[in-house]
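Let me begin by handing over the structure; questions about it come next.
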Amino acid sequence: MEQMLQNEPTELSVQAVPQKAVEQACFHALTLISRNCEYLDQHLARTGADQESRQAVTDISAASAQLDRTVNEVMTLLEYLRAEELPRLYPMDLCDLLQQIAAQADMIQEQLKVELTLDYGGWTTCHVLAERSDAELLLLHLLSNALRACSEGGKVQIVLRRSESFWQLTLLDNGCGLPDSGEDAWLRNRQCFLGGARLGLLLCRECCRRMGWGLRVEKAPECGTQAVVTIPLSSDRSVGQTVELHADSGFTQMQKRYQLRTMLVKELRTMPERGDPDDL
């Protein structure tokens, strides 16, 4: 009888999901696909294969990058759901992080033909309390959404301002706009974001919740969309919040810049081909 009771089904919880096993299985398969794509690409280059064969390998590689992105999003959401406590927040220079992102403007212009600019209102430093990996994930996903919305020749602007009680970070684009602005807007939005799992905004909202930040996505003043992030000033945080001051070494800062660029390069691999907005 005792054995029977132990074998009775129990309600499934997120803690019961074997996340590590799922993660290993998915990324093992993705690694095999990536290695074989590289081999085939080199082999076809040596043998002088036809354009159709080379395009097929390119398509497989792009699909692999998209799948890798989606798996990472799912794994991150699972990690957030399993977390029993909110992350510990540390002082972070938001201006420095924004400058690192804006430094990739040339790469974005070359690959996507979209202009990226940064306007931080004359501020040289902006110390906020954050979990750095969450902040990076938030900014990269918001930037990715803005870039995806734009056609060739589009513009994305990052704007930082400060009020008496909070910092306001805004990412504006002049792209397809929100899907609830009419049938044409819905169609253009669907084509720009085709292939995505629509997990990005969920991740962004969860990152903000974990750090005590605010987020709203709305129609931009002229055209396109703007994502507005509100970040409390450090002095406005609750007294009970645990904060530790620490400084990164020069090597650590360089490593973080490299990791951020690598994340952006991977994100750009999942971007659809740019086109004339009239073709959408």
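The values are calculated or read from the model by the stated rules, or taken from the named source; none is laboratory data. Here the structure is a predicted model, which means the values were calculated and not measured. Glycine also receives a Cβ, built like all others from the backbone with ideal geometry; neighbour counts cover every protein chain displayed. These accessible areas exclude ligands, DNA and RNA; they are computed on the full protein's heavy atoms, side chains included. Shrake-Rupley method; radii C 1.70, N 1.55, O 1.52, S 1.80 Å.
On the given criteria, is Leu77 buried (at least 16 other Cβ atoms within 10 Å of the Cβ) and under 28 Å from Glu206 (Cα atoms)?
Numbers: buried (at least 16 other Cβ atoms within 10 Å of the Cβ): no; under 28 Å from Glu206 (Cα atoms): yes.
For Leu77, the condition - buried (at least 16 other Cβ atoms within 10 Å of the Cβ) and under 28 Å from Glu206 (Cα atoms) - is not met.
Test Arg35 against the criterion of being out of contact with any Phe, Trp or Tyr (no Cβ under 9 Å at 6 or more places or on another chain) and open to solvent by 80 Å² or more (accessible area, probe 1.4 Å), and give yes or no. Spell out the reasoning first.
On the way: out of contact with any Phe, Trp or Tyr (no Cβ under 9 Å at 6 or more places or on another chain): yes; open to solvent by 80 Å² or more (accessible area, probe 1.4 Å): yes.
So Arg35 passes the test.
Which condition number does Leu44 fail, the rest of (1) open to solvent by less than 50 Å² (accessible area, probe 1.4 Å); (2) more than 27 Å from Arg205 (Cβ to Cβ); (3) within 25 Å of the chain's Cα centre (by Cα) being met?
With respect to (1) open to solvent by less than 50 Å² (accessible area, probe 1.4 Å); (2) more than 27 Å from Arg205 (Cβ to Cβ); (3) within 25 Å of the chain's Cα centre (by Cα), Leu44 is out only on (3).
Go through Arg205, Arg216, Arg210 for me and flag whichever is exposed (fewer than 14 other Cβ atoms within 10 Å of the Cβ) and either within 25 Å of Ala83 (Cα to Cα) or in contact with a strand residue (DSSP E or B) (Cβ under 6 Å, 6 or more places away or on another chain) (or both).
Going through Arg205, Arg216, Arg210 in turn, just one is exposed (fewer than 14 other Cβ atoms within 10 Å of the Cβ) and either within 25 Å of Ala83 (Cα to Cα) or in contact with a strand residue (DSSP E or B) (Cβ under 6 Å, 6 or more places away or on another chain) (or both): Arg216.
Restricting attention to segment 17-41, which residues are of a type in the set (Gly, Ala, Ser) and in contact with a helix residue (DSSP H, G or I) (Cβ under 7 Å, 6 or more places away or on another chain)?
Hit for segment 17-41 is Ser34, nothing else.
Which of (1) at pLDDT 90 or above; (2) more than 26 Å from Asn189 (Cα to Cα); (3) surrounded by fewer than 20 Cβ atoms within 10 Å (Cβ to Cβ) is the odd one out, the single condition Val128 does not satisfy?
Condition (3) is where Val128 drops out.
Every residue, every condition in (1) in contact with a strand residue (DSSP E or B) (Cβ under 8 Å, 6 or more places away or on another chain); (2) of a type outside the set (S, T, N, Q); (3) modelled with pLDDT under 90; (4) surrounded by fewer than 14 Cβ atoms within 10 Å (Cβ to Cβ), yes or no:
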{"residue": "Val57", "(1), (2), (3), (4)": "no, yes, yes, no"}
{"residue": "Ser61", "(1), (2), (3), (4)": "no, no, yes, no"}
{"residue": "Ser64", "(1), (2), (3), (4)": "no, no, yes, no"}
{"residue": "Arg69", "(1), (2), (3), (4)": "no, yes, yes, no"}
{"residue": "Cys95", "(1), (2), (3), (4)": "yes, yes, no, no"}
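With respect to the numbered conditions (1) touching a Lys or Arg at 6+ places or on another chain (Cβ under 6 Å); (2) within 14 Å of Arg205 (Cα to Cα), which one is the sole condition not fulfilled by Lys113?
Just one mismatch for Lys113, condition (2).
Going residue by residue through segment 172-180, is there one that turns out to be surrounded by fewer than 20 Cβ atoms within 10 Å (Cβ to Cβ), at pLDDT 90 or above and more than 18 Å from the chain's Cα centre (by Cα)?
no
Can you spot a residue in segment 151-158 that is more than 21 Å from Arg269 (Cβ to Cβ) and part of a helix (DSSP H, G or I)?
No, that holds for no residue.
Scan segment 137-166 for residues that are open to solvent by 20 Å² or more (accessible area, probe 1.4 Å), under 25 Å from Pro87 (Cβ atoms) and touching a helix residue (DSSP H, G or I) at 6+ places or on another chain (Cβ under 8 Å) and jot them down.
Scanning segment 137-166 gives Leu137, Asn145, Ser165, Phe166.
With respect to Arg190, is the statement that it is open to solvent by 50 Å² or more (accessible area, probe 1.4 Å) and within 18 Å of the chain's Cα centre (by Cα) true?
For Arg190, the condition - open to solvent by 50 Å² or more (accessible area, probe 1.4 Å) and within 18 Å of the chain's Cα centre (by Cα) - is not met.
Would you say Leu160 is within 18 Å of the chain's Cα centre (by Cα) and either closer than 28 Å to Glu79 by Cβ or at pLDDT 85 or above (or both)? Working first, answer last.
On the way: within 18 Å of the chain's Cα centre (by Cα): no; either closer than 28 Å to Glu79 by Cβ or at pLDDT 85 or above (or both): yes.
The answer is no for Leu160.
Restricting to segment 160-180, count the residues that are touching a Ser or Thr at 6+ places or on another chain (Cβ under 8 Å) and among the acidic types (Asp, Glu).
1
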